[in-house]
Amino acid sequence: MSTQEEIHGSVAPSATVITKRTAELAVGIVVAAFALLAIVSNYQLGAGWAEDGPQAGYFPLRMGVAILLASIVVVVQALRKNDRSAFLEHAQLKLVATVLLPLVVYISAVQFIGIYVASALFIGIFMWLVGKFSWYRSAITGVSVSLVLFWIFEIMFTVPLPKGPLEQLFGY
């Protein structure tokens, strides 16, 4: 029994959102674009051999070429195979959205309320709504984790992380 079946009971196949061919083509094209960016930027930086050895872009440019070639192979294989079976189904997309959407809100909130308050809220609300824990257990866990992280990063390691108005109120 898969994890998805354990969590949600028996899972029947649902409508396909993305096919394997589409996913492979998208990944191949995106990776190729980043490889081209690496090639161009490292060429501009200097990718040759100088009197004192390789220039700064020498190895990264060659890695970009290798990645570009690999991504071309992925695109060609995806086109040849033409696998139109499901890569992502509607039910799976709902599970991904259950995690992805709150994560986007969390990342956005860090800018305004700081990482510690945002983390406490994210952990607590996620435990309460998705994990079905009691609200007080969720709140205690969220606050406890954030306090431990604050102690580790701000006090022990003195690594400043994004802070919001609450931390500033306490002088941090």
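Would you confirm, using the coordinates I've provided, whether Ala47 is without any contact (Cβ under 8 Å) to a residue 40 or more places away in the chain, outside any helix (DSSP H, G or I) and of a type in the set (A, V, I, L, M)?
yes
Within the stretch 80-91, track down each residue that is open to solvent by 60 Å² or more (accessible area, probe 1.4 Å) and either touching a residue at least 24 places away in the same chain (Cβ under 8 Å) or hydroxyl-bearing (Ser, Thr, Tyr) (or both). If the condition is that a residue be open to solvent by 60 Å² or more (accessible area, probe 1.4 Å) and either touching a residue at least 24 places away in the same chain (Cβ under 8 Å) or hydroxyl-bearing (Ser, Thr, Tyr) (or both), then Lys81, Asn82, Arg84, Phe87, His90 are the ones that fit. Within the stretch 113-172, the set of residues being open to solvent by less than 80 Å² (accessible area, probe 1.4 Å) and assigned to a loop (DSSP other than H, G, I, E, B) comprises Val130, Gly131, Ser134, Val159, Leu161, Pro162, Gly164, Gly171. Contact map, the stretch 95-118: first residue closer than 17 Å to Phe153 by Cβ, second residue at pLDDT below 95 and among the basic types (Lys, Arg), Cβ cut-off under 8 Å, separation 6 or more or different chains; pairs are Gly114/Lys163; Ile115/Lys163; Tyr116/Lys163. Considering the conditions (1) modelled with pLDDT of 95 or more; (2) of a type in the set (Gly, Ala, Ser); (3) part of a loop (DSSP other than H, G, I, E, B), Ser108 is excluded by exactly one of them, (3). Going by the structure shown, is Gln77 within 30 Å of Gly28 (Cβ to Cβ), within 20 Å of the chain's Cα centre (by Cα) and either of a type in the set (S, T, N, Q) or open to solvent by 70 Å² or more (accessible area, probe 1.4 Å) (or both)? Judged against the criteria, Gln77 is not a match.
The values are calculated or read from the model by the stated rules, or taken from the named source; none is laboratory data. Values in this document were obtained by computation on a predicted structure and should not be read as measured data. In this analysis, Cβ positions are derived from the backbone assuming ideal geometry, glycine residues included, and neighbour counts consider all displayed protein chains. Accessible surface is based on the protein model in full, side chains and every heavy atom, while ligands, DNA and RNA are left aside. Shrake-Rupley method; radii C 1.70, N 1.55, O 1.52, S 1.80 Å.
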